[in-house]
Structures are given as C-alpha cells and as structure tokens.
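Before any comments, here is the structure.
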Amino acid sequence: MKFTIEEVTVYFPYDNIYPEQYAYMIELKRTLDAKGHCLLEMPTGTGKTIALLSLITSYTLSKPQSPIKLIYCTRTVHEMEKTLAELRLLHDYMVKCIGPAAKMLALGLSSRKNLCVNQRVLAAENRDSVDAGCRKLTASWVRALAAENPDVPSCEFFEQFERAGSGAVLPPGVYTLQDLRTFGKEKGWCPYFLARHMVEFANVVVYSYQYLLDPKVAAIISKEMQKESVVVFDEAHNIDNVCIEALSVSVRRQTVDGARRNINRMRQEIDKFKATDASRLRAEYNRLVEGLALRGDLPAADGWLGNPALPDDILKEAVPGNIRKAEHFIQVLRRLVQYLEGRLETENVEKENPVSFVFSILNQAGIDQKTLKFCYDRLHSLMMTLAITDTDEFLHIQTICDFATLVGTYARGFSIIIEPFDERMPHIPDPVLQLCCHDASLAIKPVFERFQSVVITSGTLSPIDLYPRLLNFHPVVSRSFTMSLTRDCICPMVLTRGSDQLPVSTKFDMRSDLGVVRNYGRLLLEMASVVPDGIVCFFVSYSYMDGIVNSWNENGILKEIMQHKLVFIETQDVVETTLALDNYRKACDCGRGAIFFSVARGKVAEGIDFDRHYGRLVIMFGVPFQYTLSKILLARLEYLRETFQIKEGDFLTFDALRQAAQCVGRVIRSKADYGMMIFADKRYSRHDKRSKLPGWILSHLRDANLNLSTDMALHIAREFLRKMAQPYDKTGGTGRKTLLSQEDLEKIVFEGSMNDMLY
C-alpha cells in the first residue's frame, strides 16, 4: 500500500497497517525533520522493523537532493537476517511501484567467521582464530612474499578481489550474509572485504551494535560513514550495558601469563630482525620520531583493531621518546605486566580511581600517564613492523595495552576494582583486576554528536524518562505506544501467594523457604495440567534454577509435572541449549507439550521468540534483580547517584523490571497470537515495582489480577483459554479498527482522527 505522511509518500509492502505503526511513522518523520534523536517504545509483535525501514527509505526517496544513509544496528546475526529479509520485501515492492529509480544497495556486515568462503580459514573453531587465519593469507608482507615464492600460501579470493580493483562492486539490491557469500563464490571475490568496501556506498547497512559503540571496531569499520545518516538501535533496552562493556577491561592471572609469553615472543622477533633486517626497525623508529600516523594509509587487510579510547580522546601527537625504540617499549610492557601481577596478589577487595592508580604505576613501575596512553598504538605499530599475523596468540598483551590506554586516558566515570575471588565461590582463588566503566554516555556520545539522527527503539523502554539521563542526551521525540487489539489476547497476572495462602517471593530471606519452593512447584504443576502446548519459565539466576529444580525432583513434583509435559532446561553451554530448544519445539509441534526452564538475562531471554503454540504461558519466578553485592554494581550505583542523581533503588528496580518485561514479552510476537504472563512474586503487587513495566502490559493488567493465589490464577487461565478459542474478526470490524487499509488511512487523514483510533 501507498500513503502520504506530511508530503512524504510512504511505500509499505503489506495491504494493511496497524494504527500504532502509522503513529510510529509520524513520530519518526518528526524526528528526521528536526534532525534530532528520539526514543520510541513500541510493543513486541507490532511490526517495528518494517515501519522503520518503510518510513526512512521513503523519506530518503522524497529528498533526492540530500540522500540519507540508514545504519541499522541489531544485537544478533539472527536479527540482522530478519531485518534484511523485511528490507528485501520492501525493496521489491518499491521497485514494482516506482521502477529502477527506487533501486538501492543494502547489505549486512558481520565478522570474517560469518562471511569467509575460504575453507582453510573457516576450519578454525572461533572468531579470533578465523581473523588470524585470514591475516596469515592476506597481510601485505605475506602477499609480497607470495608474489616472489609461489609456495607461500595466499587467499585466492582476496587476490582476485584486489585484482578487480575499482571494478569490485556489488550491483544494487539487498544482500543477506548468505547472498554475499554466494556472490563472492560466483565472482571469486572475498565477500568480507567486498562488504567492507561497499559499506561506504550502500544506502542501508545492517550490522552489530559493536561496530558503532566499541571504539576498537568503530575506528576501522565506521569511520567513513557520512554525517547525513540515521542510526537505528533496535531492541535497545540494554544499550547502556552494551556501552559500558565496550569500555571495560578485565585482567586475570591467565592474561598476565599470556602477556608475558607474548612479550618474550616479540623480544625474539626483534632480535631476529636486528640480525637480518635492522633497517625495518630503524624505519619504524624514524616514522615514530616524525609522529607519522600509521592508520590512514594501511591496506584494509593489515588493519587490526583500533584504539580502545574514543576518537576525541586519542592524542594527536608523536609517540613519547621513551617507547619509540622497540626494545625500550618491550621493557615498559614487562614492567607494566609485573606491576599488574603484583596487584593481583591481594587478599582483600580493593577499589581505586584511575588517577590514584596511574600515580601508583608511576611510583612503582616508573611508567607515566602519557606512555600508558600510547601503549595500544605503539603495540599495533610494533606488530606491523614485526610482521606478526597470528593475532589470536597475542590477545593477552592486547588486553593489557587496552587497559593501559583506557586507564591513562580517562579520569572520570571509571573505577579499578581488584577482587581476590568470586564472592559466590570464596574458596576458589581467582583474582581479577577490572577497569569498570560506569558511564554509559561515554561510548554513545560520539554517535550522538556525529550522526544527524539516532533512533533508540524497543518493546521495553519503560520508564522511558530514565534513558536520556543514563545516556546523557536530549531526545526531540520520546514516546511510548500502546497495542491496539481486536480482543484481549494478553493476560498478565500477579501471583502473590500459593493455594495455602503463604506468600511467594525470591527475596533473599524467603527464596530457600520450603513453602515458597513447594508453592512455585504446585503453580507450575497446576498450570501444566490446564495450558496446552508450550510453557516457558524464567528464573532469577542459574544457581536459583538449579536449586529449585533439585528440590522439585526430591519432592516428586517434577515427576508429576512430567506426566503432563516434557521438561527442557537452558544451561550455560550454547550447544546444549540449542539442542534443548529444538527438542522443546518438536514436543510442542507433535502435541505432547513442553516446559522450558530458562534464566532472566540469559541468551534465551534476549533473543528467542516463543510465538504461537511455542509459548501459551510464561511464568516469571521472582524479580530478576542484579547481584546487589557485586562491587562493580555498587561502584556504578554510586557514580549514577553522584553524577546523574539517579537513586540506587530506582535504577535497580528499573533494571530488574526491564529484564522481567523482556522475558514475558517473548510470548506475544503478533496480534493473532495470544498468551498469559504470570509474575510470581508478591513484590509485583507494589505500585512502585509494577509501574515500571511497559504501558502495553500494564494496560491489560486488571486490578482483579493483582493479588492472586494459585487457585484463582488457575480459574482465570481456564476462562482466558476458553475465550481465546472463539473465532474473531481480525480487522476489528466492530468498534475500534486494528488493521487499516489504504481507504481507512485516507479517511483518517481527511478527518484527522488518528488519536481516537489509538487511544
């Protein structure tokens, strides 16, 4: 269908549109007009992705004199593929409507592991090994050797790509990762470097958050992106955590031991070069004396990760004299590693700010702040000079230099925390030195400053007013949309007590109470006997899930549950969990029914959809607070209180409730779907907790369902399932329309009655 929003003709590849999609597009258009940033919360399963893609691509078409690039960031490869599939549908529809003028280039970009087509390189088991395998075949010095000696292995795909030169281009179209691999094989070109090359010219680029938020990756991949770009962070409810992780570094004993091995290997290489090719080391020294940057003129295949500090904080000057010579730099690294090893030999938890830590390094190791700042770039330069290709072997020294550069660059928003053991396992010594970033606004600040518009959107952004404070920006539009439904297909309930009227909660003083464990077990057993197909249960942590499942097994409750449905459990092993999910789906498909035990904040809670019969009920056992005795969390809470005036309790509740909402939102993935949500903890009945759930869940949470016992919840579940079994009119023929055709839209625009339609 085709319709107009304030002079922009929007091309939408479906025959009908939801009212909230239309309202979402209006707010998005206002953001693009204002050239500002926005926060938009839209319920899951209401077509956020296609609304975003339709509006932004149509907006670009309407303004040919100032084309806008769309940079669409997703969290997982699976989400990237789904986005590109939607975009292909839209692209085909636009070409059908307008003709060749609508053609565009859109592609997904991922790591070498997902794009490489060279079987020798792909044989490596993890991403770092694949990256190193690629460098061993494509680094400029390896290729120079291969040109002289045909026995030196090189990559035929990369060689053909290089030979094609400016002729190596992708024709217009939408390319998923599989399409890029197929195209690369046909042409004999390397898909990874082809995608890297084409990112600059593409109209739409879909890639991971890290490519914009992690300075090490962004410096290589995203530095050429134009200012006239719209950046979309989809499923961005955890964006503050992604920003913090991008600037945090952990050093353990293994890191220190590995770094020492790396230093010895570099020392041997330096001695070898001194004997065979001293001019190479001299050339590097001269280049550093002149302060020549190494980055700009590097071949694409030689580029390693960029500087871990943010672009504005990198010193634009020559490397200090005391680390220009390779052997002097090695000595500095030795002293730094020795100092860090000494700091790990602690028996108490220590917390320090970067300023005092840098002062302590100066006093004890004789390394000043400026030298620390240059550690990363100097290491990069040395590895280039020594022609080191197996970068996966040098991850430890890279981590040490990451740490040094960040600790030397930032005085505020960071803490150094040294813990001799994990508090949950105090008998196992496992010292760790952590540079913790507390300020999420640091990593995302360059994105807000550099690009025209940044759109942060998700199904769970409540309370929406906290995000501008956490990320320190001023949105021009901040809006939360409700879900227009033909029938009440969502049934949230708060269960506060069991059938015996004993309260249930995962509060620390109650969670191991036998009464609570028994009531949780009875709740699941009763629901398993009533609810058809799939039930998904979320627990607050792996340890709690293990404990409660063991108790149910001893009490015989688990055996009773398994008479109704099969039980599958998420573990910390990815392969096991994938297998469990596959079998869970099979059990639901064949009518046996199944229950999946999962953990809030785990992989399943974030990325797996339990739509249709795979999830008719989701039970959230408890409130998924973070581990509140964590020293890192306490330091962050203190920083938030002092800097942004966010109270500890407010942040912890906000964080727990967004995770809970994310878990229960897994069951509704479209309007034709239906499902029940049980919040099984007495704390959800309190207004201060409950009010932080997204509006689209709260609008269906009736007062009568706020304080239920197991038997009352069972009665409501039976009634709800009976009601859902009745036929209904999908378009909402009577009363409010929930599916709009082109005529409906024209009528709405003519009458200006959009608000009545939505609320």
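When a 1.4 Å probe is rolled over the protein heavy atoms, the share of accessible surface on the range 395-548 that falls to carbon and sulfur comes to 54 percent.
Please work out how much length the chain gains when fully extended from residue 140 to residue 35, using 0.36 nm per residue of separation minus the C-alpha to C-alpha distance, in nm with one decimal.
Values: separation 105, 0.36 × 105 = 37.80 nm, distance 4.18 nm.
Residue separation times 0.36 nm, minus the Cα-Cα distance, leaves 33.6 nm.
When each of the peptides 366-372, 206-212, 662-668, 724-730 is scored by the mean number of other C-beta atoms lying within 10 Å of its residues, the order from highest to lowest reads 662-668, 206-212, 366-372, 724-730. Applying 0.36 nm per residue to the separation of residue 151 and residue 322 and subtracting their alpha-carbon distance, the gain on full extension is 57.5 nm.
Cross-link check: pairs 507/647; 507/671; 35/730 evaluated at a Cα-Cα cut-off of 29 Å; pairs beyond the cut-off: 507/671; 35/730. Can you check what the net charge comes to around residue 405, using other residues whose Cβ is under 9 Å from the Cβ of residue 405 (Lys, Arg +1; Asp, Glu -1)? Spelling it out: positives minus negatives among the neighbours equals -1.
For the chain, the per residue solvent-accessible surface stands at 41 Å², with DNA, RNA and ligands left out and a 1.4 Å probe. Here's the picture: charge each Lys and Arg Cβ at +1 and each Asp and Glu Cβ at -1 in the range 1-122, and of 28, 62, 72 the one pushed furthest to the positive end of that dipole is 72.
Overall dimensions of the range 408-513, expressed as equivalent-ellipsoid semi-axes from the Cα gyration tensor (√(5λ), whole Å, largest first), are 35, 33, 10.
Can you give me the Cα centroid spacing of the range 561-579 and the range 65-124 in angstrom? The range 561-579 and the range 65-124 have Cα centres separated by 34 Å.
Once both labels are positioned 7 Å from their Cα atoms along Cα-to-Cβ, the gap between residue 119 and residue 592 label points is 3.7 nm. From the square roots a ≥ b ≥ c of the eigenvalues of the alpha-carbon gyration tensor of the range 374-419, which class results: rounded (a/c under 1.5), prolate (a/b over b/c), or oblate? Judged from the Cα gyration tensor, the range 374-419 comes out oblate (a/c at least 1.5, b/c at or above a/b). Taking amide hydrogens as placed 1.01 Å from N in the peptide plane, the amide H of residue 169 sits under 5 Å from that of no residue at least 5 positions away in sequence or on another chain. What's the FRET efficiency of residue 628 with residue 353 using the Cβ-Cβ distance as r and R₀ = 22 Å, to the nearest 0.05? Using R0 = 22 Å, I get an efficiency of 0.50. Give the shape of the range 1-97 as rounded, prolate or oblate, defined through the alpha-carbon gyration tensor: a ≥ b ≥ c are the square roots of its eigenvalues, a/c under 1.5 means rounded, and otherwise the shape is prolate if a/b is larger than b/c and oblate if not. The shape class here is rounded.
Sorted on the mean count of surrounding Cβ atoms within 10 Å across their residues, most packed first, peptides 743-750, 675-682 read 675-682, 743-750.
Full extension of the chain between residue 507 and residue 335 gives 57.2 nm of extra length, using 0.36 nm per residue less the Cα-Cα distance. Here the chain is assigned +1 on the Cβ of each Lys and Arg and -1 on the Cβ of each Asp and Glu. Its dipole about the Cα centre then comes out at about 240 debye. Using a probe radius of 1.4 angstrom, the carbon and sulfur fraction of the accessible surface of the range 1-110 is 53%. Taken as Cα centroids, the range 642-676 and the range 608-622 sit 15 Å apart, rounded to the nearest whole angstrom. Seen from a random direction on average, the alpha-carbon convex hull of the chain projects onto 34.9 square nanometres.
For the range 535-678, a crude dipole built from +1 on the beta carbon of Lys and Arg and -1 on the beta carbon of Asp and Glu, taken about the Cα centre, is about 380 debye to the nearest 20.
For the range 218-224, backbone phi angles converted through the Karplus equation (6.51, -1.76, 1.60; θ = phi - 60°) give residue-by-residue couplings of 4, 4, 9, 7, 10, 6, 8 Hz, Gly and Pro being listed as x. Distant-in-sequence amide contacts of residue 10, defined by a placed amide H-H separation under 5 Å and a gap of 5 or more residues or a different chain, comprise 3, 4, 5.
Can you tally the net charge around residue 390? Count Lys and Arg as +1, Asp and Glu as -1, for every other residue whose Cβ sits under 12 Å from the Cβ of residue 390. Value of the local net charge: -2. For the range 170-271, report the % of Cα-Cα distances exceeding 24 Å. Tail fraction, whole percent: 49.
Could you tell me what percent of the DSSP beta bridges with both partners in the chain are antiparallel, to the nearest 5?
Looking only at bridges with both residues in the chain, the antiparallel portion is about 25 percent.
Here's the picture: charge each Lys and Arg Cβ at +1 and each Asp and Glu Cβ at -1 in the chain, and of 204, 604, 398 the one pushed furthest to the positive end of that dipole is 204. Only DSSP H runs of four or more residues enter the estimate; each adds -39500 (n - 2.57), and after division by the residues of the chain the mean residue ellipticity at 222 nm equals -15000 deg cm²/dmol. The phi torsions of the range 232-240, fed into the Karplus equation with coefficients 6.51, -1.76 and 1.60 and a -60° offset, translate into couplings of 10, 9, 8, 6, 9, 5, 9, 4, 5 Hz, rounded to whole numbers, with Gly and Pro shown as x. Axis angle, to the nearest 10 degrees, between helix 542-555 and the longest C-alpha principal axis of the chain: 40 degrees. Taken one residue at a time, the phi angles of the range 47-55 give Karplus couplings (6.51, -1.76, 1.60, θ = phi - 60°) of x, 4, 4, 5, 5, 4, 5, 4, 5 Hz. Gly and Pro are set to x.
Where the accessible area of the range 232-295 is counted over protein heavy atoms with a 1.4 Å probe, how much of it, in %, is carbon and sulfur?
Numbers: 1490 of 3080 Å².
After summing per-atom areas, the C and S share lands at 48 percent.
The equivalent ellipsoid of the range 531-654 has semi-axes of 33, 16, 13 Å, largest first, where each one is the square root of 5 times an eigenvalue of the Cα gyration tensor. Partner lysines whose Cα lies under 23 Å from the Cα of residue 274, excluding those fewer than 8 positions away in the same chain, are identified as 136, 325.
About the centre of its Cα atoms, the range 1-136 shows a dipole size close to 660 debye [charges on the beta carbon of Lys, Arg (+1) and Asp, Glu (-1) only; nearest 20 debye].
The values are calculated or read from the model by the stated rules, or taken from the named source; none is laboratory data. Model, not experiment: these values are computed from the prediction. Neighbour counts are summed over all protein chains in view; Cβ atoms, including those assigned to glycine, are modelled from backbone coordinates with ideal geometry. Side chains included, ligands, DNA and RNA excluded: accessible areas come from the protein's heavy atoms. Shrake-Rupley method; radii C 1.70, N 1.55, O 1.52, S 1.80 Å.
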